[in-house]
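A short reminder: the numbers here are calculations on the coordinates, not readings from a lab. Bear in mind that the values here come from a model prediction, so they are computed numbers and not experimental data. Counting neighbours? That spans all protein chains shown, and the Cβs are built from the backbone with ideal geometry, glycine included.
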Amino acid sequence: MGFIPIFITLGGFVFLFLMLVNQNLKNKRKSFLLRLDALKQRIAEAYPGSAIPPGADLAALEKSFVNARNAETSSTNDQATEEIKAEFAASKMARFQYQQLRATKPYSYVALLFGHKDI
């Protein structure tokens, strides 16, 4: 009967670890998606004629930004372009952090268990 509290404590620790990692992965993914939506809005405001696909990922969004920037002459100021580039860098960093956390060994098991996929 002396081992039961040890097993219960160990089970509670594992359960709390799983919940914490799951929540952390959800927050990182949510942060990336919010940055991606903000980036889409920023590009749409800066380049009104740009064709942004509805379900665009980061690579497609970057390609449409480059095309829109090359098509525009000088109507968009350099400050807006630099802000968009900074948003791209922040979005890429958020995606990298999510992917890195998901690939780390103890967290990869939790990601596999709860079905977290690559972005």
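Structure data summary
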| item | result |
| --- | --- |
| Residues whose placed amide H lies under 5 Å from that of Ala56, excluding near-sequence neighbours | none |
| The range 1-67: Rg to Rh, with Rh as the Kirkwood radius over Cα pairs | 1.44 |
| FRET efficiency for Ile52 and Leu16, using Cβ-Cβ distance with R0 set to 35 Å, rounded to 0.05 | 0.25 |
| Mean separation of Cα contacts under 8 Å, 6 or more apart, over the residue count of the chain: relative contact order % | 34 percent |
| Fully extended contour minus Cα-Cα distance, from Asn70 to Leu33, at 0.36 nm per residue | 10.7 nm |
| Helix axis angle, 58-71 relative to the chain longest principal axis, alpha carbon, degrees | 10 degrees |
| Theoretical gain in end-to-end length, Ala90 to Ala103 [0.36 nm per residue, Cα-Cα removed] | 2.7 nm |
| Unsatisfied cross-links (Cα-Cα over 22 Å) in the set Lys28/Lys92; Lys28/Lys117; Lys28/Lys63; Lys40/Lys105; Lys28/Lys105; Lys26/Lys63 | Lys28/Lys63; Lys40/Lys105; Lys26/Lys63 |
